[in-house]
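Working notes, beginning with the structure itself.
The values are calculated or read from the model by the stated rules, or taken from the named source; none is laboratory data. Here the structure is a predicted model, which is why all the values come from computation and not from measurement. Please note: Cβ atoms are built from the backbone with ideal geometry, for glycine as well, and neighbour counts cover all protein chains shown. Each accessible area value is taken on the protein alone, full model and side chains, heavy atoms only, with ligands, DNA and RNA left out. Shrake-Rupley method; radii C 1.70, N 1.55, O 1.52, S 1.80 Å.
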Amino acid sequence: MGTDTVRTAPADDSAGLARQQRGWYVYDWACSVYATSVLTVFLGPYLTSVAERAADGDGYVHPLGIPVRAGSFFAYAVSLSVLLAVVLMPLAGSAADRTGRRKPLLGAAAYTGAAATTGMFFLDGDRYLLGGALLVVANAAQSVAMMLYNSYLPLIAPPDQRDAVSSRGWALGYAAGALVLVADLVLYTAHDSFGLSETAAVRVCLASAGLWWGAFTLVPLRRLRDRRAPVRDATATGPRQLAATVRDMRRHPLTLGFLLAYLVYNDGIQTVITQASVYGSQELELAQSTLIVAVLLVQVLAVAGALAMGRLARTYGARRTVLGSLVAWTLTLAAGWFLPARAPVWFFALAAGIGLVLGGSQALSRSLFSHLVPPGKEAEYFAAYELSDRGMSWLGPLLFGLTFQLTGSYRSAIISLVIFFVLGFILLARVPVRRAIAAAGNPVPEKI
């Protein structure tokens, strides 16, 4: 997917670029609320409780006639949504590059996800199939929209500004997640004062995330500008473009080695994000308000952790810092095994550990990969990076769900995720990063 779009397009004036950058930031502000309030906090425990109400005497639901333990339904739905996203992302990315019209595709994906999320207001009683369907649609749409959103970065920021622009987007997303979680916490804990039942308050929190997503998406759709696609992109088809990308990446096996390591450990990260609230509510018997405060703590500390790990990277290099974060992830999950039930303080300590390594792991992985991209192929390779981000993210929820289905223990399910961080550490440690940067044709930084 050609970054020649950047090189052939007329240079924008600084004011025009700054305006587009501000609009770009707002999409992170818009969609991060879905990831935080819906996927991380409310939907897992709530959809699990809906499935449990619909379960038979043995604790199983039967979507399409398939016996599924009610406690595994949410994890399986997340896995299915990721598989759907993996199919859709190359098609959307290829269409965006062929036509140069990213913005209509971004709008279509964003509003599909926002509508599905808003529709979660109707998830009540034993309608677990409705909840599963809305989750699959919303999560797949969010993945496609994020891929298109990320592809704008090379178009709106010159190389020396991309780290700063990307970091501001991350920061604004975390800020939005924290702000809306505070409002959710007030609504949920004081639901009686608002004349709402507990389940109604959850449904309002879910639906309001969709309305927030849709409302603030208007800003980037107004400010971002599409550019005419280069002639070479006009005749490319999705399969041909994807095949060309794969052929080119085979000439850079060390870059591929990093992608493999990243998609393994990132799968573990994404699964912890989506399943931690289920673990807290089902295994540790914690109240929904406790989970909201824990996720709010994660949001705040993720900003501090990203900044701290950025400073560590300047001293020790990004690769060593990421490797250290994987050790921290492993120790944090191992500690999670021993958490006592009905002990919020210890769960908050676990959340603090996750928050401190979360933002830095993601930010430094992206910046490290940027050094491994051959010049002139930024968008093409970052599209593959996003595909790697989503491409194996179904394995973690699947392993989590299968482990629980086989053992009936969420403690076993959460500790099973350690394998992703251990294997990711081994694979990343084997990548000679300096040689990989040189092989990609980039200057090797003093610290990397």
Self-check item: Mean-position separation - Cα centroids, region 202-222 and region 25-77, in angstrom
Solution: 20 Å
Self-check item: Where Val87, Val38 fall by accessible area, highest first, once all protein chains stay in place (1.4 Å)
Solution: Val87, Val38
Quiz prompt | Å² of accessible area per residue within region 1-152, as computed with a 1.4 Å probe and no ligands counted | solution = 36 Å²
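With charges only on Cβ, +1 for K and R and -1 for D and E, what is the dipole size of the chain about its Cα centre, in debye, rounded to 20?
Working: 36 positive and 26 negative charges, 338 e Å.
Using Cβ point charges on Lys, Arg, Asp and Glu, the chain gives about 1620 debye.
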Quiz item: In what sequence, highest mean first, do 427-435, 27-35, 319-327 appear when ranked by Cβ atoms within 10 angstrom?
Solution: 27-35, 319-327, 427-435
Exercise. Enter the angle in degrees (range 0 to 90, nearest 10) between the Cα long axis of helix 318-337 and the first principal axis of the Cα atoms of the chain, meaning the one along which they spread out most.
Key: 10 degrees
Self-check item: Stretchable slack from Val182 to Ala15, in nm (0.36 nm times residue separation minus alpha-carbon distance)
Solution: 56.7 nm
Quiz item: Arg435 to Arg168: FRET efficiency via 1/(1 + (r/R0)^6), r the Cβ-Cβ distance, R0 30 Å, to the nearest 0.05?
Solution: 0.40
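Ordered by packing density, taken as the mean number of other Cβ atoms within 10 Å over each peptide's residues, highest first, how do 180-190, 130-140, 54-64, 248-258 rank? All intermediate terms of the calculation are to be shown ahead of the outcome.
Details: 180-190: 18.5, 130-140: 23.2, 54-64: 13.4, 248-258: 16.9.
Ranking the peptides 180-190, 130-140, 54-64, 248-258 by packing returns 130-140, 180-190, 248-258, 54-64.
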Practice problem: Output the peptides 333-340, 302-309 sorted from most to least packed, where packing is the average of other Cβ atoms within 10 Å over each peptide's residues. | Solution: 302-309, 333-340
Quiz prompt | Given charges at Cβ of Lys, Arg, Asp, Glu: the chain dipole, positive-most of Val82, Ala92, Gly210 | solution = Ala92
Quiz item: Sorted by accessible area with a 1.4 angstrom probe, largest first, how do Lys103, Lys447 fall?
Solution: Lys447, Lys103
Quiz item: Where the accessible area of the chain is counted over protein heavy atoms with a 1.4 Å probe, how much of it, in %, is carbon and sulfur?
Solution: 65 percent
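Find the Rg to Rh ratio for region 250-340, where Rh is the Kirkwood radius over alpha-carbon pairs and Rg uses the same atoms.
Values: Rg = 16.0 Å, Rh = 15.3 Å.
Ratio of gyration radius to Kirkwood radius: 1.05.
Given R₀ = 30 Å, FRET efficiency for Ser49-Leu91 by Cβ-Cβ distance, to 0.05? Before the final figure, lay out the partial values.
Details: r = 35 Å, r/R0 = 1.17.
With R0 = 30 Å, the Cβ-Cβ based efficiency is 0.30.
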